[in-house]
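Below is one structure; the comments refer to it alone.
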Amino acid sequence: MVTFFYNLKLITNGTVSEGKVVLVENGFVSDIINQSGFYADKNSINLNGAYLAPGLIDLQIYGCGNSLFGGKPTVAALQEMETCLLQQGTTGFFATIATNT
């Protein structure tokens, strides 16, 4: 199933574009089309002028929220980091343990 996101401000390549529709299929962006001539249906989500940007991946993070992964390397710590990072727009991360050398 394809989901259509429309009425948005799209951030790509350092620019903000309006008048676009973002198509998402199986969890991935499959296309970006012009909104002119687009008709919303039940699989369409109106973002009411909100910004839409790609998710970010943090390649080296020691902790987030109340968790420092190196101090408490548990599944619960990873889950807390995930919750904290998702609120900031980070959709993926690599937890890192600091060294003292």
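Points worth noting:
- For segment 8-22, the condition of being in contact (Cβ under 8 Å) with a residue 40 or more places away in the chain and not aliphatic (A, V, I, L, M) holds for at least one residue.
- Entry remark, segment 1-43: residues being under 15 Å from the mean Cα position of the chain (by Cα) and of a type in the set (K, R) number 1 in total.
- Of all residues in segment 68-101, those satisfying the criterion of being modelled with pLDDT under 85 and among the small types (G, A, S) are G70, G71, G89, A98.
- Within segment 58-82, the set of residues being loosely packed, with under 11 Cβ neighbours inside 10 Å and under 26 Å from T12 (Cα atoms) comprises L59, Q60.
- Within this structure, K42 passes the test of being of a type in the set (D, E, K, R), free of Cβ contacts under 8 Å to residues at least 24 places away in the same chain, exposed (fewer than 14 other Cβ atoms within 10 Å of the Cβ) and under 18 Å from Y6 (Cα atoms).
- So G92, is it in a strand (DSSP E or B), surrounded by 10 or more Cβ atoms within 10 Å (Cβ to Cβ) and out of contact with any Ser or Thr (no Cβ under 9 Å at 6 or more places or on another chain): yes
- Cβ pairs under 6 Å, 6+ apart, first in segment 74-91 and closer than 18 Å to L52 by Cβ, second surrounded by 10 or more Cβ atoms within 10 Å (Cβ to Cβ) and among the β-branched types (V, I, T): none
- Hits in segment 1-24 (condition: modelled with pLDDT of 95 or more and either on the phi > 0 side of the Ramachandran plot or among the acidic types (D, E) (or both)): N7, E18, G19
- Condition check for D58: in contact with a Gly (Cβ under 9 Å, 6 or more places away or on another chain) and either assigned to a strand (DSSP E or B) or among the hydrophobic types (A, V, I, L, M, F, W, C) (or both): yes
The values are calculated or read from the model by the stated rules, or taken from the named source; none is laboratory data. Remember, predicted model here, so these are calculated numbers, not experimental data. Cβ: placed from backbone, ideal geometry, glycine included. Neighbour counts: every protein chain shown.
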